[in-house]
1. If you scan the range 88-104, which residues turn out to be modelled with pLDDT of 90 or more, under 13 Å from Ala8 (Cβ atoms) and either touching a Phe, Trp or Tyr at 6+ places or on another chain (Cβ under 7 Å) or outside any strand (DSSP E or B) (or both)?
2. Scan Leu299, Leu316, Leu369 and give me the residue that is surrounded by fewer than 17 Cβ atoms within 10 Å (Cβ to Cβ), of a type outside the set (Gly, Ala, Ser) and in contact (Cβ under 8 Å) with a residue 24 or more places away in the chain.
3. What number of residues within the range 222-267 satisfy the criterion of being small (Gly, Ala, Ser), more than 20 Å from Asp171 (Cα to Cα) and modelled with pLDDT of 95 or more?
4. Could you tell me which of the residues Gly65, Gly70 is crowded, with 20+ Cβ neighbours inside 10 Å and under 25 Å from Ala30 (Cα atoms)?
5. Take the conditions within 30 Å of Met141 (Cβ to Cβ) and surrounded by fewer than 16 Cβ atoms within 10 Å (Cβ to Cβ) and apply them to Glu220. Does it pass?
6. State whether one or more residues within the range 165-176 are of a type in the set (Gly, Ala, Ser), touching a residue at least 12 places away in the same chain (Cβ under 8 Å), assigned to a helix (DSSP H, G or I) and not assigned by TED's automatic domain parsing to the domain that holds Thr14.
7. Among the residues of the range 125-162, how many are closer than 16 Å to Phe199 by Cβ, touching a residue at least 60 places away in the same chain (Cβ under 8 Å) and of a type in the set (Phe, Trp, Tyr)?
8. From the residues in the range 348-366 that are surrounded by 14 or more Cβ atoms within 10 Å (Cβ to Cβ) and without any contact (Cβ under 8 Å) to a residue 60 or more places away in the chain, which one is nearest to the chain's Cα centre (by Cα)?
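The values are calculated or read from the model by the stated rules, or taken from the named source; none is laboratory data. In this text the structure is predicted, and so the values were computed from the model without any measurement. Heads up, the Cβs are rebuilt from the backbone with ideal geometry, glycines too, and the neighbour counts pull from every protein chain shown.
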Amino acid sequence: MSVDKARALFFYGTLRHMPLLEIVLGRDAAFIDVRPAQLPDHAVNWAEGEMFPMIAAQQGAAAQGLLVQGLSEHDIARLRFYEGGFAYDLLPCVVEIGGAEHAAEVFFPARDSWRAGAPWDLQAWRGEWGALSEHAAREVMEHFGQCSAQQIAHLLPFFRARAWAKELAKDGAPSTLRRDMQSGAVSLRKRDDGYAGFFRLETFDVSHTRFDGGQSETLERGAFVAYDAALVLPYDPARDLVMLIEQMRYGPLLRGDPRPWCLEPIAGLVDAGEAPIETARREAVEEAGLVLKDIRPMLRTYASPGYSTEFFHCFLGLCPLDPAQEGLHGLASESEDIRSHVMPYARAMELLESGEINQAPLAMMLLWLGRQRSELRGLA
């Protein structure tokens, strides 16, 4: 019977963060053989524009890291699966520990995959990206043995966006009237019979403290784990014009609606690490050809909290508008087919009252604008 030969890997980047290494290897740090080490004549830098580092040869430098020994072929397979989504592969190296040399392997980026940025700092990365990376890694490793690293690479931006939504959720709304977690405990146990991909459905057992002080029964439930989105309604206070966009939507289509084209505000998913207001600016360019400099917060709200984590960051974009700006927009890379409409605010309200505007976020944003409109027009 053959026995797998244990292998040693040198980690210079994010896998020096032990909670992340535990997730990827699938075991507690107490069962991972770790020693501080360095790789001579190499330097670690941020991969430009990314949230992770890269390593490259640099004479006289020394890359600090960890030597992890005693890794099985199963461990290597898990590591390859995780790192494969970042376009990295294993190459042999010789690291130093207290002046002694040790043979190891290290994940190097594929040639020309990334460009080196500023020197990388583990503590800075941990503070900005550590928790997000842990959330995303859990979702990545759920797929181990079920799909390829290349397939995961396509899903990784969405895993990160869901992880970023959890970070944004920490900035919760006030609770001057409603209960908070200190006064109402919730017991949540997740099950493993859901679905995870571009969309995610989580199933769970839940019980909570009732308003009468008792404990609820344990309920079997499911929830759609979505993303945070930034929505923006362009408004010209001088001319009292708004811009709406129109596109075909799958929800109405699958419901059997004979008119699945919806009038909406500009909107897009908040990418990992992106401030929602910057998402709003980006989407205004992509979906309507508008460069918005004056963007103001409107509402921050759950779309349907009974069964979805989807959360909306809503903004008002103040800008000059003209019917001549109407046209076709959208990114071909995302198969977007979008038409923009510029109209008087009164016309938008007629469409709301007739039911032609049947999308709740747009209705909510138009009504919000109605409360601020006189003041905005007075300042224009």
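1. Cys93, Val95, Ala104
2. Leu299
3. 3
4. Gly65
5. Taking the combined requirement at face value, the residue satisfies it.
6. Checked the range 165-176: at least one residue is of a type in the set (Gly, Ala, Ser), touching a residue at least 12 places away in the same chain (Cβ under 8 Å), assigned to a helix (DSSP H, G or I) and not assigned by TED's automatic domain parsing to the domain that holds Thr14.
7. Of the residues in the range 125-162, 1 are closer than 16 Å to Phe199 by Cβ, touching a residue at least 60 places away in the same chain (Cβ under 8 Å) and of a type in the set (Phe, Trp, Tyr).
8. Only one residue tops the list, namely Ala363.
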